[in-house]
Amino acid sequence: QVQLVESGGGLVQPGGSLRLSCTASGRIFSIDAMAWYRQTPGKQRELVARIGSGNGSAYYSDSVKGRFTISRDNGNHAVFLQMDSLKPEETALYYCHARTKWSVEFWGQGTQVTVSS
């Protein structure tokens, strides 16, 4: 029903910035909330940021609050994550997530973010 494709990951120095993008296709009008998660080897996938549909509020993990910004385009075709002041421990595979109005969930394939000198 919904397909998600992430992009924008890569290698960045500590303190640097990256902007992740996630493009949705398919039945995009069924999408409610969208979010970014991240996962490192040996650890559980964790929520980084989430944004609701329409006038929905944005929510952030305490660890990224003030440094990351989640946003969504007007047509709900994409969700973005602006990441500033990146730390080495934030090296992870970042996943885009979407939830439909019927509570069906979709995941992207992930984009690798590596924070290293």
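List the aspartates and glutamates whose Cα sits under 16 Å from the Cα of Lys43, skipping any in the same chain fewer than 8 residues away.
Counting by Cα, and skipping residues close in sequence, Lys43 has these aspartates and glutamates nearby: Glu89, Glu90.
What's the local net charge at Thr40, with K and R +1, D and E -1, over the other residues with C-beta under 10 Å away?
0
Summarise the accessible area of the chain (1.4 Å probe, protein heavy atoms) by the percent that is carbon and sulfur.
Ligands and nucleic acids excluded, carbon and sulfur give 47 percent.
How much accessible surface area, in Å² rounded to 10, belongs to the heavy atoms of Arg50 with a 1.4 Å probe?
Counting only protein heavy atoms, Arg50 exposes about 70 Å² to solvent.
Considering only Pro88, Pro14, Pro41, give the residue with the highest GNM mean-square fluctuation for the chain, with springs between Cα atoms whenever their separation is below 10 Å.
Comparing Pro88, Pro14, Pro41 in a Gaussian network model of the chain, the most mobile one is Pro41.
Under a Cβ-Cβ cut-off of 15 Å, what is the net charge of the residues other than Ser7 that fall near it, where Lys and Arg count +1 and Asp and Glu count -1?
-1
Which value, in debye to the nearest 20, describes the size of the charge dipole of the chain about its Cα centre when Lys and Arg Cβ atoms bear +1, Asp and Glu Cβ atoms bear -1, and nothing else is charged?
Once rounded to the nearest 20, the dipole reads 140 debye.
From the phi of every residue in the range 104-117, what ³J(HN,Hα) in whole Hz does the Karplus formula 6.51 cos²θ - 1.76 cosθ + 1.60 yield, where θ is phi - 60° and glycine or proline is x?
8, 10, 10, 10, x, 7, x, 10, 7, 10, 10, 10, 7, 7
Can you find, among Gly75, Ser116, Ser63, the residue farthest towards the positive end of the dipole of the chain? Put +1 on the C-beta of Lys and Arg, -1 on that of Asp and Glu.
The residue sitting most towards the positive pole is Gly75.
Given a 1.4 Å probe, how much area per residue of the range 46-117 is accessible, in Å²?
54
The values are calculated or read from the model by the stated rules, or taken from the named source; none is laboratory data. None of the values given here were measured: they were computed from a predicted structure. Cβ: placed from backbone, ideal geometry, glycine included. Neighbour counts: every protein chain shown. Areas reflect the complete protein model, heavy atoms only, side chains present, ligands, DNA and RNA absent. Shrake-Rupley method; radii C 1.70, N 1.55, O 1.52, S 1.80 Å.
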